[in-house]
Structures are given as C-alpha cells and as structure tokens.
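For reference, the structure is listed below as structure tokens.
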Amino acid sequence: MRFENRRRFLQLAIFAIVPLGISQINLLKPQSSSAMSISEPSSPPAHNPELLRLFTEDQADRQPPEGQAIDWSLIASRDAARLARVKELYNADVLQTGADYYHAALILQHGSEPEDYLLAHEFCIVAIGKGEERAKWLAAASEDRFLMSIDRPQRFGTQYRSEPDDPDRRVRLYATDPRVTDGLRREFNAPSLAEAQEREQLFQE
C-alpha cells in the first residue's frame, strides 16, 4: 500500500511538471514576423520652404536684370522684413537642416547690427556640422563682417567698404589681419590674401 501511494505520487508529479516545461519552451520560441513590430528608419527632416523662399528672394534682389541698377533703398526695407521673419522662425525653433541654417545665416548676414552677424556665424557653424558645405565661406564672411562692425580687423579678407575719410569714396579691402594663413582661408573656401587684394580692382571699374 505504501508502495502504491508513492507510485501514484510520482505520476502526479510528472503530469504537473510537463505543462510547466511546455510553457517555458513556448516562451523561448521566436515570435513570427507578423507579431514583431519592426520600426522603420526615420526620414531626414525636409528643408523649410519658407526659409528657402526668403533666401531666393534675397539673392534675386541683388541680381537685377541686365542694365538695371540695384535700388538699395528698396532692398533695405525688404532685408529688414526678411531679417525679422528669420528671427521669428529661429525663436520658434523651426530650423532643422543644414540648408535651413545656411539660408537663415545669409539673411542675417544682410542685417545691420553686430548681433546679426554673430548669429549668422553661429548658424554657419551648425550648418557645417550638418554637412552644408556652402556655409564654409559664409562662416568666414560673417565673422569678418562682425569684426568690421565693431572696428576690428577682419581675418579672412571677405569684406570691402569705402572709408568716410576717402574723398573719392573708393571701395577697398577692409583692414585684414595678416597673421591668418592662406591655408586657413582655403579651409573656409575664402580667397588668399593676395587674391582678395586683387579683387579690390573690380570695385574700381
């Protein structure tokens, strides 16, 4: 009798263990492809169309039809409106791509305050980091314009202006720091110092 009870106990124990083993095996089975959720790679953000439009309008204003002079008094008001809108878009945090930052930087480059040029330079640094090669020259030019606006020598030789004490009001290369090497200028797609000086003649024609 004792032997029969022990035998029956072992049989019950085996039946109790088997379902547990099966459930554990099922947990280890890979899920079917239909049951698994596969996340698709996210698409890169699209360039902001309004910033592109503002950039295009800015450039069109500076390239009038052949035979027509640039009306700077008219462009100044357009520049101011574009500048204000770019700052609104920046404060709304809508700039995302390298092109967005580059387009916005060019509008800021045509501002009137040192802070505009400094922000343009910072936008260029972000644009370059996002792979926007066009921003290299503008990074140099915005730094030069910022320095010129606070009466400091420029570094890359991208800025020209006429001096108020010049009776002929000739446009000349703004004072440039000669310690900046042409090698560094080259990295920013800026001309050598000699080439920048030669370009001065284009303003005299």
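Please treat every number below as a calculation from the coordinates, not as lab data. Because the structure is a prediction, the values reported are computed rather than measured. Neighbour counts are summed over all protein chains in view; Cβ atoms, including those assigned to glycine, are modelled from backbone coordinates with ideal geometry.
Odds and ends about this structure:
- Protection proxy ranking, peptides 160-167, 177-184, 117-124, 55-62, average beta carbon neighbours within 10 Å, highest first: 117-124, 55-62, 177-184, 160-167
- Average projected area [Cα convex hull, the range 61-104], square nanometres: 3.7 nm²
- In a fully extended conformation the segment linking Gln59 and His47 would gain 2.5 nm over its present Cα-Cα distance, using 0.36 nm per residue.
- Evaluated at q = 0.10, 0.12, 0.15, 0.21 Å⁻¹, the base-10 log of the normalised Debye intensity for the range 58-205, with identical point scatterers placed on the Cα atoms, takes the values -0.38, -0.55, -0.86, -1.42.
- In the distance distribution for the range 77-161, Cα-Cα pairs more than 16 Å apart total 48 percent.
- Added length on full extension, which subtracts the Cα-Cα distance from 0.36 nm per residue, Arg199 to Glu115: 27.5 nm
- Taken one residue at a time, the phi angles of the range 88-99 give Karplus couplings (6.51, -1.76, 1.60, θ = phi - 60°) of 5, 5, 5, 5, 7, 6, 9, 6, 10, 8, x, 5 Hz. Gly and Pro are set to x.
- Normalised by residue count, the range 122-183 yields a Cα convex hull volume of 95 Å³ per residue.
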